[in-house]
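Heads up, the thing below is written out as structure tokens.
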Amino acid sequence: MASDQGGGFENRRKRTRRDEFLHTMNTIMTWTGLYAVLEPYYPKCDNGRPPTGLKRMLRIHFIPHWFNLADFTCEEARYDSTSLSRFVGIDLCSEAVPDATTLLKFWRLLETNKLVERLFGEVGWVLEVCGMTLSSDATLISAPISAKNEQKARDPEMHQTRKGQ
């Protein structure tokens with residue numbers, strides 16, 4: 001993927017929470033394992049236009065989920081956001097961002113082959129192993145792995161909730 005150091009204003013730009021989040025996810029995720037899960041299902045370049053690279057598509061796939069963006073909004077965000085372009089590995093000076101139709105085809109591939117649950121299960125497992133959880137606004141929160149305390153008893157300060165209640 002693209003390096004953290006860009007030219008021009010990138011050298012003077014403040015690192016945002018989005019930058020920090022994407023850097024952390026890039027570091028802790030087991031990307032090679034995720035690629036291996038998808039590779040047997042991903043189209044190969046036969047004749048015609050070559051597909052967008054699997055590594056790029058997988059990273060793009062997570063962005064709308066992590067940042068609560070619709071497909072078209074996500075496409076625009078990848079143009080507007082330097083940190084998203086860097087995370088995905090797109091150099092806007094020399095290449096185009098995959099459009100919403102390309103993302104829809106990738107989503108259908110995942111759905112058809114029942115890979116969505118496997119991918120998000122892997123992400124959840126990695127976060128759990130790292131002692132983190134993901135909030136709805138793409139903020140990583142250090143979280144205990146269990147609701148039990150050091151004495152293996154239920155911690156009275158820990159409680160569970162369900163969405164909408």
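Let me understand the stretch 8-142 better: what is its radius of gyration from the alpha carbons, and its Dmax, in angstrom?
Cα-based Rg and Dmax for the stretch 8-142 come out at 15.2, 47 Å.
Can you pull out the trypsin sites (Lys or Arg not before Pro) in the stretch 12-68 that DSSP calls coil and that have at most 10 other Cβ atoms within 10 Å?
Working: sites: Arg12, Arg13, Lys14, Arg15, Arg17, Arg18, Lys44, Lys55, Arg56, Arg59; in loops: Arg12, Arg13, Lys14, Arg15, Lys44.
Of the trypsin sites (Lys or Arg not before Pro), the ones in loops of the stretch 12-68 whose Cβ has at most 10 other Cβ atoms within 10 Å are Arg12, Lys14, Arg15, Lys44.
Each reported figure results from applying straightforward, stated rules to the coordinates on display, with no laboratory input. All figures in this text were calculated on a predicted structure; none of them were measured in a lab. Quick reminder, even Gly has a Cβ in these numbers, built from the backbone with ideal geometry, and neighbours come from all protein chains shown.
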